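Below is one structure, written out as structure tokens; the observations come after it.
Since every read-out is calculated from the coordinates, none of them should be taken as a lab result. Fair warning: this is a prediction, and the values are worked out from it, not measured in the lab. Because the Cβ atoms are built from the backbone with ideal geometry, glycine has one as well, and the counts that use them run over all protein chains shown.
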Amino acid sequence: MEKAFPLKGLSKFSREAWNSVWTQLTLGAACLTLLSSCQGMLGEIEKEESLDKPLVLTTFTVLADMASNVAGERLVVKSITKHGAEIHGYQPTPTDLVNASKADLILENGFGLELWAKKFTASAGNVPTAVMSDGMKPILIEGDLYAGKPNPHAWMSPQRAMQYVDRMVEAFIKLDPSGEIIFQENARIYKSRLAKLDKELRDSLSLIPLSKRVLVTCEGAFSYLAEDYGMEEAYLWPVNAESQVTPKRMRKLIEVIQARKIPAIFCESTVSSKAQIQVAKASGAKFGGVFYVDSLSDINGPASTLLDLQRHNVRLIKSALLSNGEES
Ligand SMILES: [Zn+2]
């Protein structure tokens, strides 16, 4: 389905951002303009913890949740960035490097999500890395500064999340061959939960009339979900690595909201909602709440697992986009 907010291309920024991120690899380096870019510090992993079991580090919490489901008790799984962290332009800390040097495997998303990962893993001693999006056909970003680049948020499609699980099983068997049967059985159980989630989200979102299925967010992170469930999307910026709010971007989004009479718009937990609340006020839409996408919530929050994250977001979408008692 056609996106409601076309954007245009950028490659120079990625290199500059990369260099900038890396040169600031010290504690106390200034955070980027994003809300939580300094929240990812994982405390130093205790030696005892990783002595008898292989240590798997993931670049963000969503991957850690998925990997824990596949690994079961056989592997120690930790995320480098913490829940709530902004992950695209994350600035690794010296402690992260120490932890990574102890790791037996690093799982990363790929598709350009982690601007910092390649240099980081190399600096940690070239720890083996498995890329979860390998072999997957990406949805490309349309328009604006990232046009033509893969949208990295493939885990937001339960069906594609199942492909991540397959990549994890392959990587874990390579790491720990005698755990093969356990990894495969864990993966089978987890994939059946993802399949159930897929049906649940499809049933839930199908209650919203097609004309009302327009998802307005801060980051364009919902392309995979939108494609799976027949939604259109519009957003303030394509990827959080470049989240500058310009008057032009705001104006274009307000025009889309007003033209399509979109009743509610949203923002994500890892960035500031301030600009989107302004857009809501200017367009007459309601601010419908905060989604989780790039980072899980803490254990007491509404999105401490990928399954809960999806259910939380879809609950918000349903209650905000269905009106006049149409919600079941
Ligand atoms: Zn993102």
Return the aspartates and glutamates within reach of Lys318: Cα separation strictly under 20 angstrom, same-chain partners fewer than 8 residues apart disregarded; answer none if there are no such residues.
Asp198, Glu200, Asp203, Glu219, Glu227, Asp228, Glu232, Glu233, Glu268, Asp308, Glu326, Glu327
Name the shape class, rounded, prolate or oblate, that the alpha-carbon gyration tensor gives for region 116-241, where a ≥ b ≥ c are the square roots of its eigenvalues, rounded holds for a/c under 1.5, and otherwise prolate holds if a/b is larger than b/c and oblate otherwise.
oblate
Calculate, in nm to one decimal, what Lys286 and Lys196 gain on full extension: separation in residues at 0.36 nm each, minus their alpha carbon distance.
29.3 nm
Region 225-272: which trypsin sites (Lys or Arg not before Pro) are DSSP loop and have at most 12 other beta-carbon atoms within 10 angstrom?
Lys261
Neighbour-count ranking [beta-carbon atoms within 10 angstrom, fewest first] of Glu142, Glu268, Glu170
Glu170, Glu142, Glu268
Treat the count of other C-beta atoms within 10 Å as a stand-in for reagent exposure and order Ile265, Ile277 from fewest to most.
Ile277, Ile265
FRET efficiency estimate (nearest 0.05) - Cβ-Cβ, Asp134 to Ile181, R0 25 angstrom
0.60
Quote the charge dipole size of region 151-236 about the Cα centre in Debye, to the nearest 20; the model charges only the Cβ of Lys and Arg (+1) and of Asp and Glu (-1).
200
Entries of Lys252/Lys274; Lys212/Lys274; Lys212/Lys286; Lys252/Lys286 with Cα pairs more than 19 Å apart:
Lys212/Lys274
Full extension between Ser211 and Gln258 adds, at 0.36 nm per residue less the Cα distance, a length in nm of 15.5 nm
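Explain nothing, just the number: relative contact order of region 205-321, from Cα pairs under 8 Å at least 6 residues apart, as a whole percent. Please report the intermediate quantities before stating the final value.
Details: 179 pairs, mean separation 26.5, N = 117.
Reported as a whole number, the value is 23 percent.
Need the full-extension length gain, Asp104 to Arg188, defined as separation in residues times 0.36 nm minus the C-alpha distance. One decimal, nm.
27.9 nm
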Charge dipole of region 85-226 built from unit charges on the beta carbon (Lys, Arg +1; Asp, Glu -1), centred at mean Cα; most positive-end Cα among Pro158, Phe111, Thr95 is Pro158
Lys174: which lysines have alpha carbons under 29 Å from its alpha carbon, excluding same-chain residues fewer than 8 sequence positions away?
Lys47, Lys53, Lys78, Lys82, Lys102, Lys118, Lys119, Lys137, Lys191, Lys196
